[in-house]
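Here the structure comes first, spelled out in structure tokens, and everything after it is commentary.
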Amino acid sequence: MKNPIQLLSLCLLTLALFSCSEDPDDVKVVDQKGMLTVDISGTSTMNFEDDTLTAYTHAGLFIVKASDLEENNIWIMMDMTQIDNMIGEHTVARTGAEVQINFNLGDGSNYYSATTGVVTVTKYDETFIKGTFSFDAIDAGDASATISATNGQFESTIY
């Protein structure tokens, strides 16, 4: 006969494992779907898709963020305290505007901040956002270095 304490311990452990309910603090994996494309200064087109793109709210901002393996990054940050209706056209500027856009090209050596531009949100609800954008930006380390971003498009699930 097996040791009754071992058998009882095994039964209790099995019961505990099967009786656990879902913890509300468990991290939920979101199947991120979306894309962001933009033409940079008429010389290149950047494409970001699915898991390289996120859309979320944080500290009063609605953020669309994209990055790729070449360490190109773009952040579109919409100030929810200044926006009454997400659907529509929103002004881009470096400070004090409805929208700010930051763009990092390559290995982090070129960090651009949008000086002018527009973001137009064409679809928005609790789960999805879609729109277009364009902007002019200066390099934070060299104000004479500029880029223009045109034909920008984005769509993403929101988490």
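General observations
- For the condition modelled with pLDDT of 85 or more and out of contact with any Phe, Trp or Tyr (no Cβ under 7 Å at 6 or more places or on another chain), residue 76 does not qualify.
- Test result for residue 95, modelled with pLDDT under 90 and either loosely packed, with under 15 Cβ neighbours inside 10 Å or outside any strand (DSSP E or B) (or both): yes
- Pick from the range 37-67, criterion assigned to a strand (DSSP E or B) and out of contact with any strand residue (DSSP E or B) (no Cβ under 8 Å at 6 or more places or on another chain), ranking: surrounded by the fewest Cβ atoms within 10 Å (Cβ to Cβ): 58
- Test result for residue 89, more than 21 Å from residue 45 (Cα to Cα), among the acidic types (Asp, Glu) and in a strand (DSSP E or B): yes
- Residue match in the range 138-149 (condition: within 21 Å of the chain's Cα centre (by Cα) and of a type in the set (Val, Ile, Thr)): no
- Answer residue from the range 68-79, given it is over 18 Å from residue 139 (Cα atoms) and not hydrophobic (A, V, I, L, M, F, W, C) and is surrounded by the fewest Cβ atoms within 10 Å (Cβ to Cβ) among those: 70
- Of the strands (runs of 3 or more DSSP E) entirely within the range 106-158, those holding at least 3 residues that are open to solvent by 70 Å² or more (accessible area, probe 1.4 Å) and within 18 Å of residue 43 (Cα to Cα) occupy 142-157.
The values are calculated or read from the model by the stated rules, or taken from the named source; none is laboratory data. Every value quoted in this text rests on a predicted model; they were computed, and no experiment measured them. Virtual Cβ from ideal backbone geometry, glycine too; neighbours counted across all protein chains shown. What goes into the accessible areas is simple: the full protein's heavy atoms, side chains included, and nothing from ligands, DNA or RNA. Shrake-Rupley method; radii C 1.70, N 1.55, O 1.52, S 1.80 Å.
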